[in-house]
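Structure first, then comments.
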Amino acid sequence: MKVEAWVFLLVGVFFIPVATVYGFMVAWMEPVGFLALYLVSALCLMIGVYLYYTGNRIGPRPEDRVDAEVHEGSGEQGHFSPWSWWPLVLALACAAGFLGLAAGWWIFLVGAGLAVIGLIGWVYEYSRGDHAH
Amino acid sequence: MLAFYRHNVYVTTATHAPSTPAHPTLNRPNLVSVGTVVWLSSELMFFAGLFAMYFTLRSTAGGLWAEETAKLNFPFALVNTLILVSSSFSCQMGVFNAENLRPRRTGRLFQFSKWGMTEWFLLTFVLGAIFVAGQSTEYAMLTSEHITLNSNPYGSAFYITTGFHGLHVIGGLIAFLLIIGRAYAAKKFGHFEATSAIVTSYYWHFVDVVWIGLFLVIYVLK
């Protein structure tokens with residue numbers, strides 16, 4: 001994962017002088033610009049450092065090696081839900097919540113209750129019923 | 001993990017090529033963890049907007065800042081901060097146990113070294129809840145000194161920055177309850193449960209670090 005890590009680390013390092021130059025040009029009087037630029041640097045360094053340490057921990061993946069075969073990338077990739085109704089429930093709950101802000105607070109309460117059902121349904125979808133393990 | 005997929009009637013997995021042995025160790029990054037870190041970096045920019053708002057208002061209303069920050073209770077906020085920071089340590093203890101697939105304690109209740117993930121996360125929940133309660137108390141104290149959301153620019157800056165952080169802490173508390181619930185729901189605590197525990201800890205540490213930044217800006221720098 002060296003390439004991914006360095007892409008983010010170098011962009012992160014790049015923004016430190018950019019923010020500093022910007023700060024001097026506005027005499028440090030305009031805080032939004034240099035603050036945002038420094039934190040863009042922090043954003044990139046945060047991802048870069050995480051990828052760097054993860055890359056060191058797991059070693060080279062097949063896609064990091066020039067002599068890798070396609071089948072070496074097979075096997076477990078992670079846990080993916082093939083489909084789920086719960087995001088739709090949660091989205092409806094959020095829609096009801098915003099409608100409540102505009103039209104009347106009682107609708108907001110309905111939305112809040114539905115959000116609790118949707119959130120719990122989603123989080124526990126693969127811990128119960130057919131998927132209990 | 002295999003047991004998890006055996007009972008999962010919908011999820012399909014890619015099969016190994018028959019001529020090669022399965023990889024003995026997991027040699028790819030956990031996608032949930034990478035995704036969480038990328039999302040947290042966007043959260044950083046959300047708080048960047050709040051910091052920018054705070055400093056902009058401060059640069060235009062310096063006199064007001066000197067007057068209003070004198071009303072802050074620094075020792076109270078410091079204790080509250082230390083409570084939140086200590087919750088990050090208890091959270092990390094829970095993560096170490098989750099990584100070793102130890103959801104519950106194996107010893108007696110006050111044998112801390114034998115605690116599992118659930119006990120450490122419950123302690124984290126209590127510490128986080130004390131922090132939120134402390135924040136509410138502080139809001140009440142400041143309101144009694146006539147600093148409110150709509151009193152002046154300082155009130156707006158103070159309540160919006162700390163308020164959004166408080167909402168994040170409350171979100172984290174709900175997440176801890178859901179993760180503890182998953183540990184109880186699982187007959188066999190596996191990587192599925194451990195992964196969600198680990199990414200919740202990433203979020204918690206992030207919110208903790210953001211608070212340290214807010215604390216330094218609001219209570220120390222003033």
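The values are calculated or read from the model by the stated rules, or taken from the named source; none is laboratory data. This one's a predicted model, so the numbers in the text were calculated from it and none came from an experiment. Ideal geometry is used to build each Cβ from the backbone, glycine not excepted, and the neighbour counts take in all protein chains shown.
A few comments on the model shown:
- Summed over region A:103-133, residues that are in a loop (DSSP other than H, G, I, E, B), surrounded by fewer than 17 Cβ atoms within 10 Å (Cβ to Cβ) and within 13 Å of another protein chain (Cβ to nearest Cβ) total 2.
- Note on region B:6-54: residues that are more than 7 Å from chain A (Cβ to nearest Cβ), at pLDDT below 80 and in contact with a His (Cβ under 9 Å, 6 or more places away or on another chain) total 3.
- Flag: residue A:3 does not match the condition of being within 27 Å of residue B:49 (Cβ to Cβ) and in a helix (DSSP H, G or I).
- Output for region A:43-71, where each listed residue is assigned to a helix (DSSP H, G or I) and surrounded by fewer than 19 Cβ atoms within 10 Å (Cβ to Cβ): A:49, A:52, A:53, A:54, A:56, A:57, A:58, A:62, A:63, A:64, A:70, A:71
- Residue match in region A:59-68 (condition: at the interface with chain B (Cβ under 7 Å from one of its Cβ atoms), basic (Lys, Arg) and over 24 Å from the mean Cα position of the chain (by Cα)): no
Here's the yes/no breakdown for (1) surrounded by 15 or more Cβ atoms within 10 Å (Cβ to Cβ); (2) within 30 Å of residue B:191 (Cβ to Cβ); (3) touching a strand residue (DSSP E or B) at 6+ places or on another chain (Cβ under 7 Å):
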| position | (1), (2), (3) |
| --- | --- |
| B:41 | yes, yes, no |
| B:44 | yes, yes, no |
| B:50 | yes, no, no |
| B:54 | yes, no, no |
| B:59 | no, no, no |
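- Residue match in region B:78-86 (condition: surrounded by fewer than 20 Cβ atoms within 10 Å (Cβ to Cβ) and in contact with a Lys or Arg (Cβ under 9 Å, 6 or more places away or on another chain)): no
- With respect to the conditions (1) touching a residue at least 40 places away in the same chain (Cβ under 8 Å); (2) more than 10 Å from chain B (Cβ to nearest Cβ), residue A:49 falls short on a single one, namely (2).
- The set of residues in region B:166-175 that are crowded, with 20+ Cβ neighbours inside 10 Å and either farther than 24 Å from residue B:77 by Cα or within 11 Å of another protein chain (Cβ to nearest Cβ) (or both) contains only B:175.
- The helices (runs of 4 or more DSSP H) located wholly in region B:28-132 that include 3 or more residues which are more than 30 Å from residue B:144 (Cβ to Cβ) occupy B:31-60, B:74-99.
- Hits in region A:72-90 - residues which are within 10 Å of chain B (Cβ to nearest Cβ) and in a loop (DSSP other than H, G, I, E, B): A:74, A:75, A:76, A:77, A:78, A:79, A:80, A:81, A:82, A:83, A:84
- Screening residue A:36 on (1) within 30 Å of residue B:217 (Cα to Cα); (2) part of a helix (DSSP H, G or I); (3) more than 10 Å from every other protein chain (Cβ to nearest Cβ) shows it passes everything except condition (3).
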